[in-house]
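K.L.:
Encoded as structure tokens, here's the structure I'll be asking about.
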């Protein structure tokens, strides 16, 4: 008796940065917020836009466009902040990622995902889980846990501490 192979489907939240379509595994996404005021924290990297207050919690916000070497985000009516959980070296951090717009939740079968491209040895692509195909477009599937190094995430912790420490001192 032959056992039918089940197709494994994963849901991804798709979003745009410029003209490119990216996606995060929906299991890593907590919520999507309309763009709100971001408080800049001094002495942080360019990709670190600042922090927001989310129901009493200080959440660091990063600009993925800058992190990926694109021009910084410009705020529009479609701009949003994707709140996600990032785990690096066993440490989980909640952070917000700026996106030009959120598109949809996409169901992708494993067969519709190609491996991440290899682009020489000096360019990092380990943060790309794969390339999904949606109709005639490609969607870059991000491994959000690998987009930032532990050193870079240390800046988000420092930003949170600076803001919460400053608020506690008042």
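Here, each number is a calculation from the coordinates, and none is a lab measurement. Because the structure is a prediction, the values reported are computed rather than measured. Heads up, the Cβs are rebuilt from the backbone with ideal geometry, glycines too, and the neighbour counts pull from every protein chain shown.
K.L.:
Just for the Cα atoms in region 30-152, what are the lengths along the principal axes, largest first, rounded to whole Å?
P.N.:
Computed over the Cα atoms, the extents are 42, 32, 29 Å.
K.L.:
Another question, if that's okay. Based on the mean of other beta carbon atoms within 10 Å per residue, what is the order of 40-49, 93-102, most packed first? Show your work: numbers first, answer last.
P.N.:
Details: 40-49: 15.9, 93-102: 20.9.
Averaged packing, sorted descending, gives the order 93-102, 40-49.
K.L.:
Between residue 105 and residue 85, 0.36 nm times their residue separation minus their Cα-Cα distance comes to what? Please report the intermediate quantities before stating the final value.
P.N.:
Values: separation 20, 0.36 × 20 = 7.20 nm, distance 1.74 nm.
Taking 0.36 nm per residue and subtracting the Cα distance, the gain is 5.5 nm.
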